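Comments concern the structure below.
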Amino acid sequence: MRLDPLTRILDHPGPFASALLDVSRTTEHARQRLELRGRAARTELAASGAPDDVAEEVVERLLEPTGTPGETARYVVAGRDGVVVDQTLPGWAGHEVLTWGPLPDATAWLAYRETAVPVLVVLADQSGADLVHSAAWGREPAVVHAVDGGLDSMVDGGPARPDQQGRTDELWRFNARAVVAELERLAGSEPPLIVLAGDPRARHDVRAGLPPHVAEQVVEVERGSRADGPANEAFVAEIDAAVQRTVDERGRRAAARLEEHLGRQYAVAVGLAEVLDMAVQAGVDTVVLDEQRAAGRTVRPADHPYLPLPDGVLAAPAVRSDLLVLAAAAATGAGAVLTAPPLLPDDGVAALLRWDRPHP
């Protein structure tokens, strides 16, 4: 996962008020409950040191209607120069955040973003397909792109002559090629998860026409048709399962990479101190972080005086280790994986490096 969103926050001067709260309006008394929670949040932020105007601005954003149905959270970060992040998090489930400190409390927000999966659903039939494109399945609105070719009107349901059947087959293949062209355009250079559904013959023709780097992202499912659209409950459940498998596979790949580097003792840093030392040298490629274990520890930034972070961070008496590691990674263009492989040390921090380093 790239840390560009965190980098953009760090471009603003701290300290920061961070709030990630459940703002769902799914019950009759939800608005009243949220207003009570907002008043309590304002008091908590002020008690932790946030200026009154900053606390007020954060709470005002939290109380604004999101227009998003179902379980929803809102993540707001503000500094002395105003709100720098205000995002709605559909389908969020996790612990709330409410802090004031030299760094934005972004770990839970980044963990949510890491599990976002772009999905391209293809509902194919003989005349073309509907391509349903979502930048984050279940979280971002989907856009439907229709590809319509034609149908062979000469085949009327009776026995088809060989020449008629041949023209019909060619028409289906022509329509499939049009679908493939549009699918490739939407997939781009980094194809998302592609869920292929609809008529079996049309699915076969579409899949056969895809280049290998796109075809390897395809998951074919039996449910779903162009006539029913993407809202069929059983079909959506199949897509949800495919999305979860994609998220799980990311974690397995990260754990496998860490295990490989540890086994070879090559380009790896283990433990908070080693990772921060390599961050000073801009040598971290990817932080591997167990957010719960790392959040349970603090570190004195002055012990790592050359971290590429603002003076206000370096002068802080103690900072949560997860926040400091992620901020240092973001400042040096590194990525992050928020997972919990058993190979991580007790402090929950390791890193894959950009180069090997001498070992004692």
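Compare the Cα positions of I9, L20, Q32 along the charge dipole of region 1-45 (+1 at Cβ of Lys, Arg; -1 at Cβ of Asp, Glu; about the Cα centre) and return the one farthest towards the positive end.
It is Q32, whose Cα lies furthest towards the positive end.
Taking a 1.4 Å probe, which of Y306, Y112 shows the most accessible area, and what order do the others take after it? Mind dumping the intermediate values first?
On the way: Y306 175, Y112 30 Å².
The most accessible residue leads, giving Y306, Y112.
Roughly how many Å² is the accessible area per residue of region 167-240, as a whole number, for a 1.4 Å probe?
52 Å²
Pop out the carbon and sulfur fraction of the accessible area of the chain as a percent, whole number, probe 1.4 Å.
Details: 8950 of 17480 Å².
Roughly 51 percent of what the probe reaches on the chain is carbon or sulfur.
According to a simple spin-label model (label point 7 Å from Cα along Cα-to-Cβ), what is the distance in nm between E233 and Q87?
Modelled inter-label distance: 3.2 nm.
Which value does Rg/Rh take for region 1-49 over its C-alpha atoms, Rh per Kirkwood?
On the way: Rg = 15.0 Å, Rh = 13.3 Å.
Here the Rg-to-Rh quotient is 1.12.
Got a sec? Charge dipole of the chain, +1 on Cβ for Lys and Arg, -1 for Asp and Glu; which of G67, G283, Q265 is way out at the positive end?
Q265
To the nearest Å, what is the center-to-center distance of region 98-128 and region 228-296, using C-alpha atoms only?
Value for the Cα centre distance between the two parts: 14 Å.
Quickly estimate the mean residue ellipticity at 222 nm for the chain, helices only: each DSSP H run with n ≥ 4 gives -39500 (n - 2.57), and the total goes over all residues, rounded to 500.
Counting only the DSSP helices, I get -12500 deg cm²/dmol.
Please state the charge dipole magnitude for the chain, taken about the Cα centre, from unit charges on C-beta atoms (+1 on K and R, -1 on D and E), reported in debye and rounded to the nearest 20. Mind showing how you got there, number by number?
Working: 35 positive and 54 negative charges, 81 e Å.
Computed charge dipole of the chain: roughly 380 debye.
Apply the Karplus parameterisation 6.51 cos²θ - 1.76 cosθ + 1.60, with θ equal to phi minus 60°, to every residue of region 29-41 and state each ³J(HN,Hα) to the nearest whole Hz, in sequence, with x for glycine and proline.
Here the 3J(HN,Hα) series is 9, 4, 5, 5, 4, 5, 5, 5, 5, x, 5, 5, 5 Hz.
Let me check I have the definition right: for region 263-360, take the eigenvalues of the Cα gyration tensor, multiply each by 5, take square roots. What are those semi-axes in whole Å, largest first?
20, 16, 11
Quick one: net charge of A273's neighbours, Cβ under 11 Å, K/R +1, D/E -1? Numbers along the way, then the final one.
Details: positive: none; negative: E274, D277, D303, D347.
Value of the local net charge: -4.
Over the alpha carbons of region 42-133, what is the largest minus smallest coordinate on each principal axis, giving the biggest first in Å?
64, 24, 24
Only sites in a loop by DSSP and with at most 12 other Cβ atoms within 10 Å count here; which GluC sites (Glu not before Pro) in region 1-49 make the cut?
Numbers: sites: E28, E35, E44; in loops: E28.
Those satisfying the criteria are E28.
Specify which labelled value, from (i) 5, 20, 24, 22, 16, 8, 4, 1, 0; (ii) 6, 25, 33, 25, 10, 1, 0; (iii) 5, 22, 32, 28, 12, 2, 0, agrees with P(r) over Cα pairs in 10 Å bins from 0, in percent derived from the coordinates of the model shown.
(i)
Which values, in whole Å and largest first, are the semi-axes of the equivalent ellipsoid of region 1-82 obtained as the square root of 5 times each eigenvalue of the Cα gyration tensor?
24, 18, 9
Given a 1.4 angstrom probe, what's the average accessible area per residue across region 1-124, in square angstrom?
Value for region 1-124: 44 Å² per residue.
Residue by residue through region 232-241, which ³J(HN,Hα) values in whole Hz follow from phi under the Karplus form 6.51 cos²θ - 1.76 cosθ + 1.60 (θ = phi - 60°), with glycine and proline marked x?
For region 232-241, the Karplus-derived couplings read 4, 4, 5, 5, 4, 4, 5, 5, 4, 5 Hz, x marking Gly and Pro.
To the nearest 20 Debye, how big is the dipole of region 236-295 about its Cα centre, given +1 on the beta carbon of each Lys and Arg and -1 on that of each Asp and Glu?
120 debye
Hey, got the Cα dimensions of region 163-319 along the principal axes, in Å, largest first?
80, 33, 32
The values are calculated or read from the model by the stated rules, or taken from the named source; none is laboratory data. Just so it is clear, the model here is predicted, and its values are computed rather than measured. Virtual Cβ from ideal backbone geometry, glycine too; neighbours counted across all protein chains shown. Protein only, heavy atoms only, side chains kept; ligands, DNA and RNA dropped before computing areas. Shrake-Rupley method; radii C 1.70, N 1.55, O 1.52, S 1.80 Å.
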